[in-house]
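Student: If you scroll down you'll find the structure; I have some questions about it.
The values are calculated or read from the model by the stated rules, or taken from the named source; none is laboratory data. All values derive from a computational prediction rather than experimental measurement. Please note: Cβ atoms are built from the backbone with ideal geometry, for glycine as well, and neighbour counts cover all protein chains shown.
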Amino acid sequence: MGLTILNGLMLASTLALVAIGLAIIFGLLRVVNLAHGELFIIGGYVVFAVHSAGASPWVGVLLAPLVVGAIGVVLDRGLLRHLYDRPLDTLVVTWGLSIALREILKLLFGADTKNVPVPVPGRVDLLGVAYPTYRLVLIATSAVVVAAVLVCFARTAFGAKVRAVVQNRDMAEAMGIASHRIDAVVFAVGAALAGLAGAMLTPLLGLRPEVGLFYLARSFLVVIIGGVGSLAGTVGGAAVIGTGEAGISHFTRPVLAQSLLFLAAIVLIRIRPQGLFSRRDVR
Amino acid sequence: MTAGPEVASVVEHRSTPLPRGGRPRLPALAVFAVAVAGFALLPLLTGQHLTGLVGRFLVFALVAVSLDLLWGYAGQLSLGHAAFFGLGAYAAGLVLTGGGGVARSALALALAVAVPAGAALVMGYLLFRGGVGGVYFAIVTLLVSLLLEQLAITWISFTGGINGLFGMAPLDLGVVTISSLTSAYYLVLVVVTVAFAAVVWLTRTPYGRALTAIRSHEHRAHSLGLSIVTVKTVVFTVSCGLAGLAGFLYVPLERFVYPTQLGLVASTSVVVWVVIGGRGTLVGPVLGAIVVEYLASALSGALQGYWLLVIGLFLVVVVLFRPGGLHSILAAAWSGAAARIDRRRRPSGA
């Protein structure tokens, strides 16, 4: 029981980190980035590369958001900004990018599973189980970063500019906000969050190019259940999906758990199209 | 941050041309007849290998047409269309592993269409009633494909797991038993031809016009009295039924059903055929399926592990620079040639 609770907490907090990157990119740019899972797993490969080079995995964890953020900016400025007014085409293009990035990773690193050692060994007694310390570090770090993102968008001058662009792009530009620069920064931040999540989760993943897809799928469940109305909704959605998957996996296979959650999400869309955690009138 | 799914469902399609209404024109009918005749003669002229290959292309062409009806006409992109193709194949495969005969063959056909169509009916109702369309709909279908593939791999006792289903009894149509590759090829050719003609007809009925109306401006179509939920749910159901029918055809042709048929790579292929062929044209996706799959089989030796990379980059490049696909290139060449003939008939000195 204690183990299920802690696993649920870990899944929820890390999912929030991945999904919030997806949500801010969608919220501002209306871009559904199907390559988000690959950005996530590239973060993992950065840690693997740094570790293989003989450096501390922590260097990789710090480097990953920078690398992945830079890739995000290149993709956004180079390709996606030409498609902002064609949402379905953007979807197809990011799907193409997702496949291409996955294949490039296979060519660079091979298709086999890579293992990276856990940077913080040892266990801590908590809720009656000896829980790996690194997982507790993960929960804490994810919670802090997600909270920082929420505060940044709600309270800082940068956050105010982003919200201004979301509400009315033309008016924001008239007020002297360089909206294209905001676009690029937001895309970079969203990508960097995915990279950070991938980097930190690497030791637990069994690093393979396809793993990104499963995190993409879960992130979408999170966004659908939480609703796209607010970033807080994404965090709520992550809590539901994370604890739900850990809870159901306690009794059956993870695939079945995910399928059940997916069916629940589809029924939920019919009952509450705006998601569990946002009000319909939020604009 | 802002807006719910209902906003995401308002999608503009600037890139795809509006289909023409009215009767098919004579040159188009002639090309269609010649193409069908060519496919009918193929087994007499070539060996088993090419016949099997082209039979598979025709099955894929039907899947591409079914997605084009949904995406190119109604503007609803399914990123997981192989899931419905695979559901049809698994339904037919499971019935036919239990034995042959006319009754079982009929049941296999009925279930292969009804299971994916039924799944689409329920899903479509829940999603479209909930105001989910456009981008969200695409993501939900993507998840369907991802999860069904995993389920088919995991649920070994029912689906045969990663090994899939094999040892299916031959289809018994009463008058003839589909036991050879050639007979399976002709079954595929007849069914795909009829289904293609039926879809072309459907897009030219008032219902087909309603699909286009919804794609080009959902709110306006709604204000003109169209029931958006019903029209979308019906087209999704029809499209998935057609994909299931293609799955049914795959069983006598390949005698093998396996999990990757349901999965994301297969689903992506369908999108690739439609994009490269040209959305909203029906003929384009048929061409796209045949050309892309021919290249895939011809270049598989040369490209080895690079094929998916090429496909991924191709999707990006075609959508960015040639959103009309092969169809737009051919149409431009056709009208160019027609203009030249026209000039020759009426000399410029006149």
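Student: Regarding region A:191-214, can at least one residue be identified that is assigned to a helix (DSSP H, G or I), small (Gly, Ala, Ser) and within 20 Å of A:Ile5 (Cα to Cα)?
Tutor: Among the residues of region A:191-214, not one is assigned to a helix (DSSP H, G or I), small (Gly, Ala, Ser) and within 20 Å of A:Ile5 (Cα to Cα), which makes the answer no.
Student: Here's a follow-up. Give region B:110-133 a look and list any residue that's under 18 Å from the mean Cα position of the chain (by Cα), surrounded by 19 or more Cβ atoms within 10 Å (Cβ to Cβ) and more than 14 Å from chain A (Cβ to nearest Cβ), or say none.
Tutor: B:Ala112, B:Val113, B:Val115, B:Pro116, B:Ala117
Student: On to the next question. Looking at (1) in a helix (DSSP H, G or I); (2) crowded, with 17+ Cβ neighbours inside 10 Å, which is the only condition A:Tyr131 fails?
Tutor: (1)
Student: Which residues, taken from region A:72-92, are within 18 Å of A:Leu28 (Cα to Cα), facing another protein chain (nearest Cβ under 9 Å) and touching a helix residue (DSSP H, G or I) at 6+ places or on another chain (Cβ under 8 Å)?
Tutor: Within region A:72-92, A:Leu79, A:His82, A:Leu83, A:Pro87, A:Leu88, A:Asp89, A:Thr90, A:Leu91 meet the criteria.
Student: Here is a further query. Considering every residue within region A:246-262, establish whether at least one is more than 10 Å from every other protein chain (Cβ to nearest Cβ), touching a residue at least 40 places away in the same chain (Cβ under 8 Å) and crowded, with 20+ Cβ neighbours inside 10 Å.
Tutor: Yes, some residue in region A:246-262 is more than 10 Å from every other protein chain (Cβ to nearest Cβ), touching a residue at least 40 places away in the same chain (Cβ under 8 Å) and crowded, with 20+ Cβ neighbours inside 10 Å.
Student: Taking the conditions exactly as written (at positive phi and charged (D, E, K, R)), does B:Arg255 satisfy them or not?
Tutor: So B:Arg255 passes the test.
Student: Can you pull out the residues in region B:145-166 that are within 13 Å of chain A (Cβ to nearest Cβ) and at positive phi?
Tutor: Listed by number, the list holds a single entry, B:Gly161.
Student: Ok, one more. Being modelled with pLDDT of 90 or more and in contact with an Asp or Glu (Cβ under 7 Å, 6 or more places away or on another chain) is true for just one of B:Phe57, B:Phe85. Which residue is that?
Tutor: B:Phe57
Student: Answer with yes or no whether B:Leu245 is away from chain A (no Cβ under 14 Å), touching a residue at least 60 places away in the same chain (Cβ under 8 Å) and either under 27 Å from B:Val200 (Cβ atoms) or not small (Gly, Ala, Ser) (or both).
Tutor: Considered against the rule, which asks whether it is away from chain A (no Cβ under 14 Å), touching a residue at least 60 places away in the same chain (Cβ under 8 Å) and either under 27 Å from B:Val200 (Cβ atoms) or not small (Gly, Ala, Ser) (or both), B:Leu245 comes out as yes.
Student: Between a first residue in region B:176-204 that is surrounded by 17 or more Cβ atoms within 10 Å (Cβ to Cβ) and a second residue that is small (Gly, Ala, Ser), which pairs have beta carbons less than 7 Å apart while being 6 or more apart in sequence or on different chains?
Tutor: B:Ile178/B:Ala184; B:Leu181/B:Gly52; B:Ala184/B:Gly55; B:Tyr185/B:Gly55; B:Val188/B:Gly55; B:Leu189/B:Ala40; B:Val192/B:Ala61
Student: Is there a residue in region B:10-33 that is within 14 Å of chain A (Cβ to nearest Cβ), at pLDDT below 85 and out of contact with any Gly (no Cβ under 8 Å at 6 or more places or on another chain)?
Tutor: Yes, that holds for at least one residue.
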